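Engineer: Below you'll find the structure I mean.
The values are calculated or read from the model by the stated rules, or taken from the named source; none is laboratory data. Here the structure is a predicted model, which means the values were calculated and not measured. Every residue, glycine among them, receives a Cβ derived from its backbone with ideal geometry; neighbour counts consider all protein chains shown. Only protein heavy atoms, including side chains, enter the accessible area calculation; ligands, DNA and RNA are left aside. Shrake-Rupley method; radii C 1.70, N 1.55, O 1.52, S 1.80 Å.
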Amino acid sequence: MGGEAQELVAAWGIIEECCGLDAPALIARLNPGAGEQELQAAEEQLGVKLPPSYRKLLTLRNGAVARVDSNMLDDAGLFGSEHHPGRRLLALGEVLKSVPDLMNWVAEEKRGQEVRIPISSLQDGWGFFLIVNEGGERPYGSVWFWDHFECEKVADSIESSVVATAQLLK
């Protein structure tokens, strides 16, 4: 396991440990990790290679189960920013279900050739997305918040977002 992957794994461990102490119900909603076959099938369906740090995160935890009482969920603030607190990490199956709608939106709005996938969502479709191709307007692997009007860069990568969250929790 490379140095970047080790840092991500260690940071995720800190997040789970801290949340386990303060919010055990949140930890109980986390799914087990995705397997390599599931990741490869998703990449085939999307037609892109998922960024390495996102793949690694999905092997640790494949999203979280939504609370029955709410569409909004603050699962460790993973993909948050100062103005937009983090929300529930989407499972890979949820990501794949939403991609056709996202691709249609990009085509309709002529927003360019970048491929975005949702990774964490808020009510009414607002949420965090990941850039999963190169050559677009935004850098490959970067994390952004979208509110239907504008995009705000949240992190250079999933890894940097997870590591920053873990540092805040220490």
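Engineer: Roughly how big is region 1-46's charge dipole about its Cα centre, with Cβ charges of +1 (Lys, Arg) and -1 (Asp, Glu), in debye to the nearest 20?
Structural biologist: For this selection, approximately 220 debye.
Engineer: Roughly what would the spin-label model give for D147 and K49, points 7 Å off Cα along C-beta, in nm?
Structural biologist: Each label point lies 7 Å from its Cα, and together they span 3.6 nm.
Engineer: Label points 7 Å out from Cα along the Cβ direction at E38 and Q6: separation in nm?
Structural biologist: In this crude label model, E38 to Q6 measures out at 2.7 nm.
Engineer: Quick query: amide H of I119 versus all other amide H atoms, modeled in the peptide plane; which residues come in under 5 Å with a sequence gap of 5 or more or a different chain?
Structural biologist: Under 5 Å from the amide H of I119 lie the amide H atoms of F128, F129, L130, each far enough along the sequence or on another chain.
Engineer: Evaluate the distance, in nm, between pseudo-label points positioned 7 Å from the Cα of A28 and of E137 along their respective Cα→Cβ axes.
Structural biologist: Placing both labels 7 Å along Cα→Cβ, they lie 4.3 nm apart.
Engineer: Could you tell me the accessible area of R55 in Å² (1.4 Å probe, neighbours in place), rounded to the nearest ten?
Structural biologist: Estimated to the nearest 10 Å², R55 gives 40 Å².
Engineer: While we're here: Which ³J(HN,Hα) values in Hz, rounded to whole numbers, follow from the phi angles of region 142-158 under the Karplus curve 6.51 cos²θ - 1.76 cosθ + 1.60, where θ = phi - 60° and Gly and Pro get x?
Structural biologist: Once rounded to whole Hz, the list reads 7, 10, 10, 9, 10, 10, 6, 10, 8, 10, 10, 5, 9, 7, 5, 7, 4.
Engineer: Same structure, new question: Probe radius 1.4 Å, ligands and nucleic acids left out: which of K153, K49, K170 has the largest accessible area, and how do the rest follow? Can you show the working numbers first?
Structural biologist: Values: K153 90, K49 120, K170 170 Å².
Output order, biggest surface exposure first: K170, K49, K153.
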